[in-house]
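Remarks on the structure that follows.
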Amino acid sequence: MLVLQQLNFKNWIPFYGNQKIIFSVDENKNITFIEADNMAGKTSIYRGILWCMFGDTGDIDEYSNFIEKLNLQALGEKDYRYQVELKLKFEGKSYVITRKAELKSDAEVHEDNWDEFLSLNIDSEDSVGIEAQ
């Protein structure tokens, strides 16, 4: 069984700075409710999980490029980095999946000037890039 444990955001769409969601892992109370007003970020949580795991938010028109995923306050402060980290358990193993994007050093803010990084940790063994995917 797949058990989500924690989701960490840094400058991801509406989530400015470092934000954390801790999911219930209690076998008897294993549901986590996320309730919020419209446009508060519930769908961005889902998009973050998709992007972290698969490198795509599942959207055709929105959030299809790097700059759209960056939190607007971070953009205003010229902090051109965002990240989503997902901690989970699956078939007795602990996984930490981290995907991040950042503007290349001293580059103009343009879609072609971003680097994306993926890392995967399974029971304390690290993989990066294509090996992690």
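Shape class of the chain from the Cα gyration tensor (axes a ≥ b ≥ c, square roots of the eigenvalues): oblate, since a/c reaches 1.5 or more and a/b does not exceed b/c. In deg cm²/dmol, rounded to 500, what helix-only [θ] at 222 nm does the chain give when every DSSP H run of at least 4 residues adds -39500 (n - 2.57) and the total is split over its residues? Theoretical 222 nm ellipticity from helices: -4500 deg cm²/dmol. Axis of helix 42-54 versus longest Cα principal axis of the chain: the two differ by about 90°, to the nearest ten degrees.
For the chain, the Cβ-based charge dipole about the Cα centre amounts to some 500 debye (Lys, Arg positive; Asp, Glu negative; other atoms uncharged).
Computed from phi, the 3J(HN,Hα) profile of the range 110-118 under the Karplus parametrisation 6.51, -1.76, 1.60 (θ = phi - 60°) reads 8, 4, 7, 9, 10, 10, 10, 10, 10 Hz, with x in place of Gly and Pro.
When the Gaussian network model of the chain links Cα atoms closer than 10 Å, the mean-square fluctuations of Gly48, Gly92, Gly17 top out at Gly92.
Positive end of the dipole of the range 62-133 (Cβ unit charges, origin at the Cα centre): among Asn121, Gly92, Leu70, the Cα lying farthest that way belongs to Gly92. Each Cα pair under 8 Å and six or more residues apart adds its sequence gap; the mean of these over the residue count of the range 49-133 is a relative contact order of 22 percent.
About the centre of its Cα atoms, the range 16-67 shows a dipole size close to 180 debye [charges on the beta carbon of Lys, Arg (+1) and Asp, Glu (-1) only; nearest 20 debye]. Compared with the rule-of-thumb size 2.2 N^0.38 Å for a compact globular protein, the range 41-112 has a Cα radius of gyration ratio of 1.23. Computed from backbone phi with θ = phi - 60° and the Karplus coefficients 6.51, -1.76 and 1.60, the 3J(HN,Hα) list for the range 90-100 is 8, 6, x, 10, 9, 10, 10, 10, 10, 10, 9 Hz; x is used for glycine and proline. Under the combined filter of DSSP loop state and at most 14 neighbouring Cβ atoms within 10 Å, the range 70-116 retains these GluC sites (Glu not before Pro): Glu77, Glu91, Glu108.
Taking Cα centre as origin and charging only the Cβ of basic (Lys, Arg, +1) and acidic (Asp, Glu, -1) residues, the dipole magnitude of the range 34-110 rounds to 440 debye.
Values in this text are rule-based calculations from the coordinates and carry no lab data. This one's a predicted model, so the numbers in the text were calculated from it and none came from an experiment. Cβ sites come from the backbone with ideal geometry, for glycine too, and all protein chains shown count toward neighbours.
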